Amino acid sequence: MKKSTFTAMILGAIGGILFALGMCMTLIPEWNAFRPGVIMGVIGAIVLLIMALVWRKMENKEPIKLSGKAIGATLLGIVGALLLGVGMCLTMVWSHIIAGIVIGIAGIVVLLCLIPFIKGLK
């Protein structure tokens with residue numbers, strides 16, 4: 001295993017765990033830990049950003065160039081993930097099964113649209 005892959009794996013695991021735990025602390029009212037959850041989630045997001053920058057530097061890759069296509073792909077991914085998450089919440093938390101399934105499937109379709117958007121059709 002290359003050093004860059006190992007470093008990305010360790011930083012990704014740490015950042016992902018911190019981010020996920022922070023979101024749980026924020027969103028589960030029984031824990032009464034909204035503010036510490038936000039802080040932990042932000043720390044996790046910062047670790048994940050650092051992981052991406054460190055991995056790119058270790059792999060001698062060019063910095064990410066912001067273009068209209070990159071911003072559009074990012075926004076499309078965010079919208080798809082949010083739709084999928086809202087669908088899951090509707091189904092599992094609020095017991096609106098039909099609406100949750102429809103919105104979740106719409107989120108999956110939006111996320112699947114990322115593939116041809118980024119790679120293109122041949």
So which pairs qualify, if the first residue must be in the range 44-71 and touching a residue at least 40 places away in the same chain (Cβ under 8 Å), the second must be among the basic types (K, R) and part of a helix (DSSP H, G or I), the Cβ gap must be under 8 Å, and the two must be at least 6 apart or on different chains? M58/K3
Is one or more of the residues making up the range 60-69 in contact with a helix residue (DSSP H, G or I) (Cβ under 6 Å, 6 or more places away or on another chain) and either of a type in the set (V, I, T) or at pLDDT below 95 (or both)? no
Within the range 71-90, take every residue that is of a type outside the set (V, I, T) and surrounded by fewer than 16 Cβ atoms within 10 Å (Cβ to Cβ) and give me the one that is farthest from I118 (Cα to Cα). C89
Can you tell me which condition V93 does not meet? The list is (1) loosely packed, with under 15 Cβ neighbours inside 10 Å; (2) within 20 Å of the chain's Cα centre (by Cα), and all the others hold. (2)
Go through the range 96-107 and give me each residue that's among the hydrophobic types (A, V, I, L, M, F, W, C) and either more than 20 Å from the chain's Cα centre (by Cα) or loosely packed, with under 14 Cβ neighbours inside 10 Å (or both). I97, I98, A99, I101, V102, I105
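The values are calculated or read from the model by the stated rules, or taken from the named source; none is laboratory data. All values derive from a computational prediction rather than experimental measurement. We place every Cβ from the backbone using ideal geometry, glycine too, and count neighbours over all the protein chains shown.
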